[in-house]
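Reviewing the structure listed below.
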Amino acid sequence: KGRLSARCTRLLNEIGITAQYAAEQNFSRMCGLLQKFRMENGHSIVPIKYCCEDGTPLGGWLQRQRGHFKNKTLSKERLKMLTDAGFCNHNYEIRFYQWLELLRDYRKENGDLRVPQSYCVNGKKLGKFINKMRVEYRKGQLAEYRIELLEELGMEWYIQRFAD
């Protein structure tokens, strides 16, 4: 933010602390605070005006991250860190839980989650959704908590296809 003198900046750079390094450390710290919030509250829907015990404005920071997400200016690494910490991009997150409910119903009716690719329920392409989850899993792009939720439902990540 330009608050350090040129001398301080030079001294910090000499010992390997750059503005980029500091920004990454802060980002990691904020993800840790989000994870702590989720563990303490059972969810990660942080109010915008929420501040941590030490005064850190976690709610405002998350709102800025949602803006970066919407504008597609979050790096894949940062998005993964956020989602692993429980980042809730409200609409995106709500839709995921709606898909989970549809998967629960499907499992109840069919005994497994081997949803055919073309399967739709109430106009929602459940087969495409579950395939997308498998693809994200294989690419290492699926958040850990989502993996856990899907595995609790009985998700099979790799389905063996048999030729007739």
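At a glance:
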| quantity | calculated |
| --- | --- |
| Of residues in region 33-46 being touching a helix residue (DSSP H, G or I) at 6+ places or on another chain (Cβ under 6 Å) and in a helix (DSSP H, G or I), the one nearest to residue 89 (Cα to Cα) | 34 |
| Pairs with Cβ under 7 Å, 6+ apart, first in region 121-150 and closer than 21 Å to residue 38 by Cβ and of a type in the set (A, V, I, L, M, F, W, C), second part of a loop (DSSP other than H, G, I, E, B) and open to solvent by less than 90 Å² (accessible area, probe 1.4 Å) | 133/142 |
| Test set (1) in a loop (DSSP other than H, G, I, E, B); (2) over 28 Å from residue 146 (Cβ atoms); (3) open to solvent by 70 Å² or more (accessible area, probe 1.4 Å) - residue 49 fails condition number | (2) |
| Residue check for residue 3: open to solvent by 50 Å² or more (accessible area, probe 1.4 Å), at pLDDT 85 or above and over 21 Å from residue 152 (Cα atoms) | no |
| Conditions (1) open to solvent by less than 80 Å² (accessible area, probe 1.4 Å); (2) not in a helix (DSSP H, G or I); number of the one not met by residue 30 | (2) |
| Qualifying residue in region 127-144 (condition: part of a loop (DSSP other than H, G, I, E, B), open to solvent by 90 Å² or more (accessible area, probe 1.4 Å) and closer than 29 Å to residue 29 by Cβ) | yes |
| Looking only at region 72-93, and only at residues there that are in contact (Cβ under 8 Å) with a residue 60 or more places away in the chain and not hydroxyl-bearing (Ser, Thr, Tyr), the one that is most open to solvent (accessible area, probe 1.4 Å) | 76 |
| Residues that are in contact with a helix residue (DSSP H, G or I) (Cβ under 8 Å, 6 or more places away or on another chain) and in contact (Cβ under 8 Å) with a residue 24 or more places away in the chain, drawn from region 94-108 | 96, 99, 100, 102, 103 |
| Selection count, region 145-154, where residues are open to solvent by less than 20 Å² (accessible area, probe 1.4 Å) and either in a loop (DSSP other than H, G, I, E, B) or within 17 Å of residue 111 (Cα to Cα) (or both) | 2 |
| Region 112-126, residues that are open to solvent by less than 20 Å² (accessible area, probe 1.4 Å) and modelled with pLDDT under 95 | 113, 115 |
| Conditions (1) assigned to a helix (DSSP H, G or I); (2) under 23 Å from residue 131 (Cα atoms); (3) touching a residue at least 24 places away in the same chain (Cβ under 8 Å); number of the one not met by residue 61 | (2) |
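The values are calculated or read from the model by the stated rules, or taken from the named source; none is laboratory data. Predicted, not measured: the structure shown is a model, and the values here were computed from it. All Cβ positions, even for glycine, are placed from backbone atoms using ideal geometry, and neighbour counts span all protein chains on display. Areas reflect the complete protein model, heavy atoms only, side chains present, ligands, DNA and RNA absent. Shrake-Rupley method; radii C 1.70, N 1.55, O 1.52, S 1.80 Å.
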